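Read the structure below first, then the notes.
Coordinate-derived values only; no laboratory data. Everything numeric here is computed off the predicted structure, so don't read it as measured data. Counting neighbours? That spans all protein chains shown, and the Cβs are built from the backbone with ideal geometry, glycine included.
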Amino acid sequence: MAKHAVVVVDVLNDFVEGLVGSPHAITVIEPCQKLIAAARERNVPVVYTNDAHVGEDHELAIWGEHAMKGSQGGQVYAAVAPQEGDIVIEKHNYSGFFKTELDETLKGLGVDSLIVVGLYSNICCRLTCIDGFQNGYKITIAREAMTSFDESAYESDLEYLKTVAGAEVVSVDEAIALLDA
C-alpha cells in the first residue's frame, strides 16, 4: 500500500500575485485548499517546499529578486498557509530535493508516493517531480492544483512529466481518493 505525501511547491505571495506572478497562478488556490484539507483530515503529510532566496542564490540572476527569505513575497499564500503539523522546507534552487532535507524527511515518514501541486509546472514543480522520480518516489500531479505561465506550456509540461517521470496526472478528486487507498 502506498504511503502518500502532498508536496506543495512555491505557492508563495511572489508567485501568486507578486514579482513572478501569473494570471494563471490564482487558479490553483482553491484546488490546493481542497487537497491540503483532505490530506490533513487523513493524517497524510503536507510538505511545503518554498523558495527562500538569499543574496548569493544564482537563480536570482535569471529571475531577479523574488521570494527572498523573510520577505512578505516569500511567505506562503495565506489561503493555503501551513498549519501545525505540516512540514516546511526552504529551498534555494528550483527543485525541492536539491540540497534540502526533503528526501530524508519523506523517507523518515515512510513516504513512497508524492502528490505534487503548485507553481510552476515548467520550473520548480517540474524539477521537484523529476528529482522525486530519481529518488524513487511515484509521482502524481493533481491537474487543477498546478499551473504554468500559459495553458499550452502547461499541457506540454504534463506530457513531459508523464513521459520522463512516469507521472500520473489526475483530478484533485482522484488525488483525494488516492489518499484513501
Next on the checklist: Run the helix sum for the chain: -39,500 (n - 2.57) per DSSP H stretch of 4+ residues, divided by residue count, reported at 222 nm to the nearest 500 deg cm²/dmol.
Outcome noted: -10000 deg cm²/dmol
Checklist entry - For the range 4-180, what relative contact order do you get, as a whole percent, if you take Cα pairs closer than 8 Å and at least 6 residues apart? => result 27 percent
Item to check | Long-range HN-HN contacts of Ile89 with modeled amide H, under 5 Å | outcome: Tyr48, Thr49, Asn50
Item to check | Spin-label pair Ala81/Asp150, simplified geometry with 7 Å Cα→Cβ offset, distance in nm | outcome: 3.5 nm
Checklist outcome for this item: Per DSSP, the loop-located chymotrypsin sites (Phe, Trp or Tyr not before Pro) within the range 65-173 having at most 16 other beta carbons within 10 Å are Phe98
Next on the checklist: At 37 °C and a viscosity of 0.692 mPa s, what translational diffusion coefficient does Stokes-Einstein give for the range 4-180, taking Rh as the Kirkwood radius over Cα pairs? Give it in µm²/s as a whole number.
Outcome noted: 209 µm²/s
Checklist entry - Can you pull out the trypsin sites (Lys or Arg not before Pro) in the range 19-52 that DSSP calls coil and that have at most 13 other Cβ atoms within 10 Å? => result Arg42
Next on the checklist: Counting pairwise Cα distances across the range 1-78, what percent come out greater than 19 angstrom?
Outcome noted: 42 percent
Next on the checklist: Looking at the chain as a GNM with Cα springs under 10 Å, which of Pro45, Pro23, Pro31 has the largest mean-square fluctuation?
Outcome noted: Pro23
Checklist entry - Can you pull out the trypsin sites (Lys or Arg not before Pro) in the range 63-151 that DSSP calls coil and that have at most 12 other Cβ atoms within 10 Å? => result Lys99
Checklist entry - Pairs of lysine in the chain with Cα under 14 Å and at least 8 positions apart or on different chains: total? => result 6
